[in-house]
Amino acid sequence: MTTTTTNTPVLARLGRLMVDTPLIPLTLILLALIAVLAILNPAILSMFWVGNTLKIAIPLAMLAACQTLTMLTGGIDLSVGTAATIAAYVTATATPLIGAPSAIGIAMACALAIGVVNGIGIAFARVHPLIMTLGTGLIATGCLLVYQRSVISTGTIYPEVLVWLGTGRTWGLPNGLFLFIPFAVLILWVQRRTGFGRLLYAIGSNEAAARLSGVRVWQVHLALYSLSGIIAGLSGLLYLGMVKTASLSLALPLDLPSVAAAVIGGTSIFGGRGGYGGTILGALILTVLATMLTLLQMPEGGRRILYGAIILAVTALYIRLTDRS
């Protein structure tokens with residue numbers, strides 16, 4: 001009886017620490033994974049490896065920003081991989097025809113259109129975000145296949161600025177940081193210091209109460225999913241410069257990891273809790289974990305199983321810790 005009484009406050013404090021300040025345990029997990037990686041292959045740890053890890057993690061962290069913002073309202077965006085792929089493919093195939101600036105503009109307009117359609121369906125038709133974004137992603141993929149047939153003979157050109165951002169290095173660090181650092185600061189500021197960010201938390205905590213308080217929820221959803229489309233488009237452009245390949249499935253493999261990064265970072269899929277700082281660490285954890293799995297020669301199927309298991313396990317853990325604390 002005494003042991004139970006003594007342990008309960010300790011467990012409660014531990015749970016409150018992980019729920020309220022997830023950056024601390026996430027940082028410890030990241031350092032632990034790096035330590036294991038150093039044991040598996042001591043030669044891999046170098047400044048080049050650090051830069052390469054950051055370069056790979058940046059597009060994932062940007063796509064995970066879409067998931068973080070939408071999950072704060074209790075939603076999710078399964079169309080971000082499709083929007084990123086379309087932005088990349090349109091840029092690469094339209095640049096030979098109309099030049100890089102116009103091609104990038106059209107590509108971003110396509111990504112924005114996907115977000116606007118998602119917002120309209122969720123805000124006015126009241127379609128669940130999971131269903132709406134899944135359906136929009138499938139429709140957009142079909143449109144991309146139709147578009148591919150019209151540009152199949154035009155070839156591809158990758159704008160130099162995107163290649164510089166995606167593959168270049170400055171002082172050993174990826175040039176993508178010149179885009180990502182201002183982006184991350186902006187998302188953190190919007191999330192914590194603006195009325196829009198506070199509305200995301202309010203809707204996720206209790207949408208009915210937010211409506212009764214006078215919040216125009218439809219406007220928030222429309223702006224939120226439009227913003228998600230823009231972020232996905234930027235991620236696709238950066239990813240195109242990194243891999244220099246115009247593929248119809250370019251960013252689709254990042255859909256599940258982007259959700260996993262947000263969940264690992266402490267963002268609740270039920271809404272009202274989380275933040276982008278944890279998501280960034282979640283993306284880094286997944287990137288280091290992917291390196292470890294590569295060393296262990298785990299196939300892609302095994303990695304997807306692991307990502308799904310991580311989402312389930314971390315979600316269950318946060319629910320238990322929240323209830324206990």
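The values are calculated or read from the model by the stated rules, or taken from the named source; none is laboratory data. Keep in mind that what you see is a predicted model, and the values were worked out from it rather than measured. Backbone-built Cβ (ideal geometry, glycine too); neighbour counts: all protein chains shown. Heavy atoms of the whole protein, side chains included, go into the accessibility calculation; ligands, DNA and RNA do not. Shrake-Rupley method; radii C 1.70, N 1.55, O 1.52, S 1.80 Å.
What to note about this one:
- Portion, in percent, of the accessible area of segment 127-231 that falls on carbon or sulfur, probe 1.4 Å: 69 percent
- Lys, Arg +1 and Asp, Glu -1 on Cβ, resulting dipole of the chain about Cα centre, debye, nearest 20: 460 debye
- Longest site-free stretch - the chain; sites: trypsin sites (Lys or Arg not before Pro), DSSP loop, at most 14 other Cβ within 10 Å: 1-125
- Longest to shortest principal axis, alpha-carbon extents of segment 176-287, angstrom: 49, 26, 25
- Highest-fluctuation residue, G105, G275, G119 considered, GNM on the chain with Cα pairs under 10 Å: G105
- Pairwise Cα inverse-distance average, inverted: Kirkwood Rh of the chain (Å): 20.6 Å
- Long hydrophobic helices in the chain: the complete DSSP H runs spanning 20 Å or more by Cα along their own axis with mean Kyte-Doolittle hydropathy of at least 1.0 are 23-40, 47-72, 80-98, 100-123, 129-150, 177-193, 217-243, 276-295.
- Centroid-to-centroid separation of segment 162-207 and segment 57-123 [C-alpha atoms, Å]: 15 Å
- Comparing T194, T287, T136 in a Gaussian network model of the chain, where Cα atoms under 10 Å apart are tied by springs, the biggest mean-square fluctuation is seen for T194.
- Choice from I114, I181, I152 showing the highest fluctuation, given a GNM over the chain with Cα pairs closer than 10 Å: I152
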